[in-house]
Amino acid sequence: MFYELATSSWGQEEIDAMQGVISSGFFTMGENVKAFEQEFATYFGKKYGIMVNSGSSANLIAVAALFFKKDKPLKRGDEVIVPAISWSTTYHPLQQYGLKLRFVDVSLETLNVDETQLEAALTPNTKAIVAVSILGNPAALDVMRAFADKHGLYLIEDNCESMDAELNGQKAGTFGDLNTFSFFFSHHISTMEGGIVLTDDLELFHLCRSLRAHGWTRDLPPDSPLFESRGNDFYEAYRFILPGYNVRPLELEGAIGRVQLKKLPGMTEQRRKNWALFQSLFGNDERFIIQKENGKSSAFSLTIILNPALNPNREKVFAALKEADIGYRIITGGCFLRHDVLEYYDYEIVGEIKNAYIAHDYGFFVGNHPHDLTPQLHRLHEVLNAVV
Ligand SMILES: Cc1ncc(COP(=O)(O)O)c(C=O)c1O
């Protein structure tokens, strides 16, 4: 394909790392995962990392952990504030744990939650807020952190799309009480499948470790605040304290993650160069609404919304992109309120949802990759300039 949505960021080093694991004959979660967790947490200045088998699983155990906290646990029926645009598995764990969602519209410029509506979204039952930074662009994470602190809410940061982005010199994925990342193919770093939760809180760290693996105590130190050893090794070896899962990663994923993390700063730099060229081609053109950076984007992908005021024909644009062999897709998961699965949700809409529908109906994104996209972006511009 001339310009793909997603490409591999692997080289020989990742293959060598896998080969090392294969030669060791040890495939289940072990030393490589442990080392990667520490290195990843250190890169982001967080105390603890819990690697899992996907970003979706990271969201799942992050939400679950808050239900088992000793102090102020979440309860079924509590309310959580969410943006109208995100990926499905940002929301599904909230539904699965019986929370009521309050959807807030996004800003058409940033595609992130319209933070001016947070106060309107708050009720006496609000107990948490999920912050999502769409496609590399930091949401108003500082505002959401302050809002959460002011009202005693938990802040879960789903940072699966914005690894290495920054706001006021602080990395996205470090503002939450729990922060999640994805290492799926085409993400900022890829371990095939994979994800991680970062936190500074020891209790949440231990809860996530137990929930990741069967709800048992085996991955916890004997002085963990979660349980007291009864001193019988036979039973302690298989002692279950939480209704957990098995969402452990593989050693292969840990080993690849260690290699990819070293490449992250260079890859982000290249993504930002491509993003700068994209901005120079499509910014200041009333036909196209492109994402407005808040802080420093890590430019996961490049979004275009056809200006609805000009009555554009998106199908014609898609046909031209197809003809030019350029990949495109819906922005993240589109507006979640448009999806059939909503029938299973307990939810309310805060105010009016307008911009998320515009993004859903008039928007799309093309890929950004950690290599030079100059020819692809010029061709994209030529095609869109002719058809729009
Ligand atoms: C915002 C967001 N959250 C969660 C996920 C889930 O990550 P994964 O595909 O690793 O399960 C994604 C996937 O891209 C995402 O975009």
Looking at region 154-187, which of its residues are touching a residue at least 40 places away in the same chain (Cβ under 8 Å) and of a type in the set (A, V, I, L, M)?
-> I156, M163, A165, L167, A172, L178
Can T180 be described as among the β-branched types (V, I, T), within 16 Å of the ligand (Cβ to nearest atom) and under 19 Å from the mean Cα position of the chain (by Cα)?
-> yes
Please determine, by comparing only the residues of region 348-388 that are among the aliphatic types (A, V, I, L, M) and in a strand (DSSP E or B), which one is nearest to the chain's Cα centre (by Cα).
-> V366
Residue match in region 217-230 (condition: surrounded by fewer than 20 Cβ atoms within 10 Å (Cβ to Cβ) and not in a loop (DSSP other than H, G, I, E, B)) = no
Filter region 346-364 for residues that are open to solvent by less than 20 Å² (accessible area, probe 1.4 Å) and out of contact with any Phe, Trp or Tyr (no Cβ under 7 Å at 6 or more places or on another chain) and give the result.
-> A356, A359, G363
Would you tally the residues in region 322-348 being among the small types (G, A, S) and more than 18 Å from A84 (Cβ to Cβ)?
-> 2
T90 being buried (at least 21 other Cβ atoms within 10 Å of the Cβ), within 16 Å of the ligand (Cβ to nearest atom) and part of a loop (DSSP other than H, G, I, E, B) | no
For V132: the one exception among (1) over 30 Å from K273 (Cβ atoms); (2) within 16 Å of the ligand (Cβ to nearest atom); (3) touching a strand residue (DSSP E or B) at 6+ places or on another chain (Cβ under 7 Å) = (1)
Taking region 71-83 only, how many residues are assigned to a loop (DSSP other than H, G, I, E, B), in contact with a helix residue (DSSP H, G or I) (Cβ under 7 Å, 6 or more places away or on another chain) and either open to solvent by 30 Å² or more (accessible area, probe 1.4 Å) or within 13 Å of the ligand (Cβ to nearest atom) (or both)?
-> 1
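If you go through region 42-63, how many residues are within 12 Å of L178 (Cα to Cα), crowded, with 18+ Cβ neighbours inside 10 Å and more than 15 Å from the ligand (Cβ to nearest atom)?
Result for region 42-63: 3.
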Test each condition in (1) without any contact (Cβ under 8 Å) to a residue 60 or more places away in the chain; (2) in contact with a helix residue (DSSP H, G or I) (Cβ under 9 Å, 6 or more places away or on another chain); (3) open to solvent by less than 60 Å² (accessible area, probe 1.4 Å) for F282 and report the one that comes out false.
-> (1)
Check region 141-151 and report whether any residue there is open to solvent by 10 Å² or more (accessible area, probe 1.4 Å), part of a helix (DSSP H, G or I) and basic (K, R).
-> yes
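Of the residues that sit in region 193-216 and are closer than 23 Å to S86 by Cβ and assigned to a loop (DSSP other than H, G, I, E, B), which one is most open to solvent (accessible area, probe 1.4 Å)?
Our first condition is that a residue be closer than 23 Å to S86 by Cβ; within region 193-216, this holds for 193-199, 204, 208, 211-212.
Narrowing further to those that are assigned to a loop (DSSP other than H, G, I, E, B): 193-194.
Working: E193: 87, G194: 1 Å².
Filtering first and then ranking leaves E193.
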Any hit, region 5-13, residues being outside any loop (DSSP other than H, G, I, E, B), free of Cβ contacts under 8 Å to residues at least 12 places away in the same chain and over 22 Å from D200 (Cα atoms) = yes
Unique residue being under 30 Å from T110 (Cα atoms) and within 16 Å of the ligand (Cβ to nearest atom) when the list is G266, G194, G254 | G194
For region 255-271, does any single residue satisfy the condition of being touching a strand residue (DSSP E or B) at 6+ places or on another chain (Cβ under 6 Å), open to solvent by 60 Å² or more (accessible area, probe 1.4 Å) and either β-branched (V, I, T) or modelled with pLDDT of 95 or more (or both)?
-> no
Check on G173, away from the ligand (no atom under 16 Å from the Cβ), under 23 Å from the mean Cα position of the chain (by Cα) and in a loop (DSSP other than H, G, I, E, B) = no
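The values are calculated or read from the model by the stated rules, or taken from the named source; none is laboratory data. If you're wondering where the values come from, they're calculated on a predicted model, not measured in any experiment. Virtual Cβ from ideal backbone geometry, glycine too; neighbours counted across all protein chains shown. For accessibility, only protein heavy atoms count, side chains too; no ligands or nucleic acids. Shrake-Rupley method; radii C 1.70, N 1.55, O 1.52, S 1.80 Å.
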